[in-house]
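Notes for the one structure printed next.
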Amino acid sequence: MGPVGRRPRTGNSIRLAHAGVTDVGRVRQDNQDDFGSVTGLHVLADGMGGHRGGEVASAEAVAATIEGFDVHTRLGLAAAVLAANRAVLIRASGDPYLTGMGTTVCALAHVVGDGGDDALAVANVGDSRVYRFSGGRLEQVSDDHSLVADLMRAGELSPDEAARHPKRNILTRALGIEADLVVDTWELVPVAGDRYLLCSDGLVNELDDSRIARILRDKAEPEAAAVELVRSAVDAGGHDNVTVVVIDVATAPSTLHGTGYKGTRARPERASTLGIQDSTGAVSALAWRVGGAALALAVILSVIVGLIGVYARSGWFVGYHDDNVAVFRGRPSGILWFDPTLTEVEELPIMDLDDADRALVIDAIEVGSLEDARRVVERLIEHSQ
């Protein structure tokens with residue numbers, strides 16, 4: 001059984017509790033799944049590609065999505081996933097052994113909604129899923145981007161036929177395949193008592209929705225639910241890696257079940273702006289904001305210059321010192337004359353890390369706090385054993 005994480009998050013009006021579990025399963029030699037949780041964001045990825053390409057792709061996608069989520073809106077989440085796609089492409093281009101690697105990704109984030117209220121945003125690319133368990137009912141929020149899912153939506157396959165289809169593993173969308181990527185996003189009303197599930201296809205290929213719903217209903221704590229979901233999938237066959245993240249809405253302004261959500265699709269435009277296409281196909285271009293944004297940017301930059309010292313000292317990252325894993329305060333490359341400060345050194349040589357983790361440490365793993373950095377170090381130690 002893989003690492004388990006659970007940490008309640010607090011805010012002015014929403015409190016979430018979560019737990020994540022991963023397992024290699026009974027058939028595969030390597031675990032190509034990855035997941036990560038930081039304040040306000042939960043990400044899961046299922047990698048693919050030979051010579052450890054899948055492991056690298058999923059780890060890169062999770063890390064880059066977390067790093068890129070600096071605008072806490074639905075569109076900001078889409079932008080973070082698009083940044084992760086670029087990161088996977090760049091990583092693959094620099095290593096011939098990683099050519100062709102890719103990954104799914106799904107994410108849930110606490111955001112400022114389109115109307116200015118607290119909201120939850122969901123994003124996905126590929127066939128890793130996001131479910132909502134509300135009022136005793138399990139509902140898939142995300143759409144699968146796969147050949148059989150497209151055929152089902154077109155009415156050409158039944159669910160039973162899709163489950164047995166020889167090409168059921170073929171994806172129609174994934175990170176790391178091409179630069180022009182479409183990211184599906186949804187905005188949801190946070191309702192106290194609702195439970196969300198992020199999962200790789202290793203779960204849903206072994207357990208049907210009724211079994212998943214029963215476990216989510218019977219296990220009150222996120223950690224207990226996550227452990228039982230993964231254990232049940234492995235016991236049912238474990239033909240693939242299995243990863244889940246269970247997220248509970250512990251407190252929220254709304255306590256009414258059955259509130260709806262709206263889905264949209266976000267994609268990068270060729271002019272490096274972001275356009276939004278809703279479910280009716282109407283496109284809302286943001287180009288008209290460019291002039292105002294440029295002026296606002298000039299003002300913001302002038303403020304940043306005055307606060308650059310504070311910013312340079314506000315970050316944390318895991319890197320290396322004297323060939324050992326270490327924790328630093330500051331920004332990896334430093335900013336102007338503000339160099340990062342060595343805070344802690346772990347007796348963990350970077351050469352003891354696997355290739356994917358070593359590459360991440362060498363590039364520096366940026367986090368939001370010393371506590372988060374220590375959690376990253378703990379995970380690196382677990383992976384090295």
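What residue, among those in region 173-186 that are assigned to a strand (DSSP E or B) and aliphatic (A, V, I, L, M), is nearest to A92 (Cα to Cα)? If you could, list the steps in order and put the result at the bottom.
If we filter region 173-186 for residues that are assigned to a strand (DSSP E or B), which is where we start, we get 175, 183-186.
The next check asks that each one be aliphatic (A, V, I, L, M); those that pass are 175, 183.
Numbers: L175: 11, V183: 20 Å.
Within region 173-186, the match that is nearest to A92 (Cα to Cα) is L175.
Counting the residues of region 22-59 that are buried (at least 24 other Cβ atoms within 10 Å of the Cβ), closer than 18 Å to R129 by Cα and among the β-branched types (V, I, T) gives 1.
I need the full set of residues from region 187-217 which are of a type outside the set (S, T, Y) and in a helix (DSSP H, G or I), in order please. Spell out how you get there, then give the answer.
Let us first name the residues in region 187-217 that are of a type outside the set (S, T, Y), namely 187-195, 197-199, 201-209, 211-217.
Scanning region 187-217 gives D201, G202, L203, V204, D209, R211, I212, A213, R214, I215, L216, R217.
Report whether or not L82 is over 27 Å from A17 (Cα atoms), of a type outside the set (G, A, S) and in the same structural domain as T251 (by TED's automatic domain parsing). Don't jump to the end; show me each part of the working.
Details: over 27 Å from A17 (Cα atoms): no; of a type outside the set (G, A, S): yes; in the same structural domain as T251 (by TED's automatic domain parsing): yes.
No; evaluated as a whole, the condition is false for this residue.
Of all the numbered requirements in (1) at pLDDT below 60; (2) surrounded by 13 or more Cβ atoms within 10 Å (Cβ to Cβ); (3) not small (G, A, S), I304 misses one, and that requirement is (2). In a residue-by-residue description of region 142-157, the property of being under 14 Å from the mean Cα position of the chain (by Cα) and of a type outside the set (D, E) applies to at least one position. Of the set (1) aromatic (F, W, Y); (2) crowded, with 22+ Cβ neighbours inside 10 Å; (3) in a helix (DSSP H, G or I), all apply to Y97 but (2). Please work out if Y131 is aromatic (F, W, Y) and part of a strand (DSSP E or B). Judged against the criteria, Y131 is a match.
The values are calculated or read from the model by the stated rules, or taken from the named source; none is laboratory data. Just so we're clear, the structure is a prediction, and the values are computed from it rather than from any experiment. Backbone-built Cβ (ideal geometry, glycine too); neighbour counts: all protein chains shown.
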